[in-house]
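Taking it in order: structure first as structure tokens, then the write-up.
All of the numbers you see were taken from the coordinates with simple rules; none came from a lab. Just so you know, these numbers come straight off a predicted model, no measurement behind them. Backbone-built Cβ (ideal geometry, glycine too); neighbour counts: all protein chains shown.
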């Protein structure tokens, strides 16, 4: 081989080597970039797919979880104090008692399409809700007389009458973009059923002001939210927290069952299962070195309700006797396996400002026999009799039989409706325990699991029931629900007053609380309402389950704990890849 050919081959070999090296470097950079991108992507597991991206139709939790990261309100809750703080608003609302109006200044912000967010969007949202009487939102806006927009960053709300929920419910309504919805509304006005047309509108790319925006949705597989580059909070310090988001996006994976989702987080397929972990999974997850569990209180109420419209539960003495029999500590320790809180009031204790600690506590700390004796004492004093009393003449507790009402008639079979065990095993088991505890007293009680939809129909529409066990997994932090649940005017088909409770004094105080604009005065009224309800017992609060959530260790830092768990706005604005 001559030197010239050798030199050429050597040059070509060097060139080839350089080319291969360059390709490897490019591939390495590309792979590193892909890995970095993947590291910046949060993967969340959901039980079910969102039903809609139409904010006005959304009622299921999965739709609301996703849409809550896209559409934003003027005010949100502080993670530390639970007080309302300015979000899209720039400062506190200013009240003018002479005109019964509130003025709100809004901060500079943009929609996810890059256009300016203005006071016109806020006014449009309120007028739209009122015109079309949008369910779920109308009650928060119907008392607004008019809305003015003096300039692009000022909104003025005029109220028809004082309404306490204006601050806590109206100003926390998600705001929509006028530009996105104006054509939809024009088309709806021309239809025979405008509201139905609006609610059935398919929104494919919702425009919001939140930290994320929809990028892709492969139904049946996943949903992908991308970081919103126009998010107003990026780089801002709000409520003492410097906001991002610091992640590139969120991928929601749908699993269908808790078994599948828990397995996915154990394998590392997801970073968080955005749902409460049932007690049966907790010990297994605790044993995993790759899993971290967060436990927080919830704003929830699981309770037993009575039909007080008819005998026998129209007698407050029977209701108090049942409250005395129920061992909430047993429910928490045995049925919830310790992952729950005993509730003394309809308002959860975690809602510290509104919770009244001074309500009747039925046989607190009593043992089983003490409960039976006390319940027997209540009923015997009210004129109930037995063929075999549950407490014999010597004071010994026996199984009661043949209970008779004060009028001498035998008590008929009582049915306690519960959701089925495959829907909620805790409530179903509570029903079984109620049955056994009542039978100890001689009450012919029977627990009956029923499909959830049929149960709601029986209780809320037909009013054909004796007692039921239901729950609210996410109560508003504003306790106006206390008024709605028990005020007489809400005792109607599909009304909130499912028990049929009626008390003129309670109605008076409840209505006064609704219009009390002074927060301290309103708290006094809310506390009085709690005392009345627990004394009259149309509902017996049973428990508030702890919220246990699971995340993968070593992936992200910045999880923010607050009432209601770590899946909150503060978390998603502060999470950082580790």
Points 7 angstrom from Cα along the Cβ direction at residue 412 and residue 488: gap in nanometres? 2.6 nm
For region 301-545, what's the relative contact order in percent, using C-alpha pairs closer than 8 Å and at least 6 residues apart? 30 percent
Between region 325-402 and region 127-164, the alpha-carbon center distance in angstrom: 45 Å
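Of the beta bridges DSSP finds with both residues in region 301-545, what % are antiparallel, to the nearest 5?
Around 70 percent of the beta bridges assigned by DSSP in region 301-545 are antiparallel ones.
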To the nearest 10 degrees, how steeply does helix 316-325 sit against the main Cα axis of the chain, on a 0 to 90 scale? 60 degrees
To the nearest 10 degrees, how steeply does helix 425-440 sit against the main Cα axis of the chain, on a 0 to 90 scale? 10 degrees
For the residue pair residue 242 and residue 439, what label-to-label distance in nm results when each label sits 7 Å from Cα along the Cα-to-beta-carbon direction? 6.4 nm
Can you grab the distance from the C-alpha centre of region 212-247 to the C-alpha centre of region 501-578, Å, no decimals? 26 Å
Give me the compactness ratio for region 452-578, meaning the Cα radius of gyration over 2.2 N^0.38 Å. 1.38
Rounded, prolate or oblate: which one fits region 262-317, using the alpha carbon gyration tensor with axes a ≥ b ≥ c (rounded when a/c is under 1.5, else prolate when a/b beats b/c, else oblate)? prolate
Largest-first ellipsoid semi-axes for region 179-261, taking √(5λ) over the Cα gyration tensor eigenvalues, angstrom: 30, 23, 11
Quick one: which of 262-271, 69-78 comes out on top by average Cβ neighbours within 10 Å, and what's the full order, highest first? 69-78, 262-271
Give me Rg over Rh for region 381-489, both radii from the alpha carbons and Rh done the Kirkwood way, two decimal places. 1.07
Between region 415-488 and region 35-75, what is the C-alpha centre distance in whole Å? 30 Å
Region 400-535: relative contact order in percent, alpha carbon pairs under 8 Å with at least 6 residues between: 19 percent
Please work out the Kirkwood hydrodynamic radius for region 73-181, using every pair of different C-alpha atoms, and report it in angstroms with one decimal place. 14.1 Å
Per residue Cα convex hull volume in Å³ - calculated over the chain: 199 Å³
Order of 467-478, 448-459 by packing, highest average Cβ count within 10 Å first? 467-478, 448-459
Normalised by the empirical 2.2 N^0.38 Å for globular proteins, what value does the Cα Rg of region 301-545 take? 1.00
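At 0.36 nm per residue, minus the direct Cα-Cα distance, what do residue 133 and residue 161 gain on full extension? Give it in nm, one decimal, please.
Going from the current span to full extension adds 8.2 nm.
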Simple label model, 7 Å out from Cα along Cβ direction - residue 39 to residue 218, nm: 2.5 nm
Mean separation of Cα contacts under 8 Å, 6 or more apart, over the residue count of the chain: relative contact order %: 17 percent
Looking only at region 397-437, which residues have a backbone nitrogen under 20 Å from a spot 7 Å from the Cα of residue 461 in the C-beta direction? 417-420
Enter the angle in degrees (range 0 to 90, nearest 10) between the Cα long axis of helix 519-536 and the first principal axis of the Cα atoms of the chain, meaning the one along which they spread out most. 50 degrees
Hey, if you drop one equal point scatterer on each alpha-carbon of region 180-322 and run the Debye formula without solvent, what base-10 log of I(q)/I(0) do you get at q = 0.11, 0.13 Å⁻¹? -0.81, -0.96
